[in-house]
Amino acid sequence: NAGVTQTPKFRVLKTGQSMTLLCAQDMNHEYMYWYRQDPGMGLRLIHYSVGEGTTAKGEVPDGYNVSRLKKQNFLLGLESAAPSQTSVYFCASSRRQGYEQYFGPGTRLTVT
Amino acid sequence: AQSVAQPEDQVNVAEGNPLTVKCTYSVSGNPYLFWYVQYPNRGLQFLLKYITGDNLVKGSYGFEAEFNKSQTSFHLKKPSALVSDSALYFCAVRDIRAAAGNKLTFGGGTRVLVKP
C-alpha cells in the first residue's frame with residue numbers, strides 16, 4: 001500500500017514552459033487535493049476534486065488546471081509556467097467520511 | 001469563512017520537557033480540527049483530530065491535543081519532548097459546508113526545535 005505518490009519529485013522549468021504533475025493514490029479515496037507550500041504562507045489549496053470527472057477551484061487556482069479522469073489519479077497542469085509558481089506542491093486525498101487528508105511526499109518545482 | 005492562527009513561528013524546548021504548540025480557530029458551527037506534522041523534505045503526516053466527544057484527543061507519537069470551545073483553542077501537547085519531535089507542525093480546520101469536499105484551512109505552521 002503506497003498511499004499517495006507524486007511524480008516527479010523535482011523539476012526545473014523555464015518561464016513559459018508547460019508541465020503536468022501526477023498524483024496517484026491507492027486507498028480508494030473519493031476526494032483529492034492539490035496544495036502549494038511557500039515559506040511563511042503555510043499550505044494553500046489550488047484545486048480539489050470530490051470524485052472522478054469533477055474538479056473545483058481552491059484558494060489559489062490561477063495559472064493551474066487539473067483533471068481527474070480516473071478515481072486514483074489527479075493531475076495538475078501548468079500551461080505557461082511563471083517564476084511565481086516556484087513552490088513545493090503537495091497532493092492529498094481523503095475518504096468522504098474520514099475527514100483527515102493523507103499527503104504525498106511533494107514535488108519541488110523551480111521556474112527560472 | 002473559517003480561519004486558523006498559530007501565534008508562534010517557533011517553539012524551543014529542551015528534550016524531556018513538556019511541549020505545547022498553540023492553535024486558535026474561528027469557524028461557524030462545530031469545528032472539526034486537525035494537527036499535522038511535517039519533517040524536513042517530507043509531506044504532512046496526520047497526528048490527530050477532534051470531531052466530537054472528549055475534549056482531550058490522543059494521537060500518534062505520544063501527542064495529544066486539548067479542545068477548548070470557550071477559548072476557541074486546540075493546543076497540541078506532548079508531556080516529554082524528544083529531539084526527533086523537531087519538525088514543522090500545522091493546525092487545520094475543516095470547512096463545514098457539505099459541498100466543500102472536506103477542504104481544510106491550515107494555519108501558518110509552528111517550527112518546533114527540541115534541543116538535547
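Laboratory data are not the source of any read-out in this text; all were calculated from the coordinates shown. None of the values given here were measured: they were computed from a predicted structure. Positions of Cβ are backbone-derived with ideal geometry, glycine not excepted, and every protein chain shown enters the neighbour counts.
Among A:PHE90, B:PHE67, a tally of other beta-carbon atoms within 10 Å of each Cβ gives an order, fewest to most, of B:PHE67, A:PHE90.
Mean sequence separation of contacting Cα pairs (under 8 Å, at least six apart), scaled by the length of the range B:1-102, corresponds to a relative contact order of 34 percent. What translational diffusion coefficient, to the nearest whole µm²/s, does the protein assembly as shown have by Stokes-Einstein, given a Kirkwood radius computed over alpha-carbon pairs, a temperature of 4 °C and 1.567 mPa s viscosity? Diffusion coefficient, whole number: 72 µm²/s.
The 3J(HN,Hα) values that the Karplus relation (6.51, -1.76, 1.60; θ = phi - 60°) gives for the range A:68-76 are, in residue order, 9, 7, 10, 4, 7, 10, 9, 9, 10 Hz. Gly and Pro appear as x. The antiparallel fraction among DSSP beta bridges confined to chain B stands at about 85%. Charge tally around B:GLY62: other residues with Cβ under 12 Å, Lys/Arg +1 each, Asp/Glu -1 each, net +1.
Couplings 3J(HN,Hα) of the range B:105-116, computed from phi: 10, 9, x, x, x, 10, 8, 10, 10, 9, 9, x Hz, in residue order, whole Hz [Karplus 6.51 cos²θ - 1.76 cosθ + 1.60, θ = phi - 60°; x for Gly and Pro]. Remark: the range B:38-55, residue by residue, has Karplus-estimated 3J(HN,Hα) of 10, 8, x, 6, 10, x, 6, 10, 5, 9, 6, 9, 10, 10, 6, x, 4, 6 Hz, where x stands for each Gly or Pro and the curve is 6.51 cos²θ - 1.76 cosθ + 1.60 at θ = phi - 60°. Note on the range B:5-72 and the range A:57-80: Cα centroid distance 29 Å, given to the nearest whole angstrom. Work through the residues other than B:THR110 whose Cβ is under 10 Å from its Cβ and net out their charges, Lys, Arg +1 and Asp, Glu -1. For residues surrounding B:THR110, the net value is 0.
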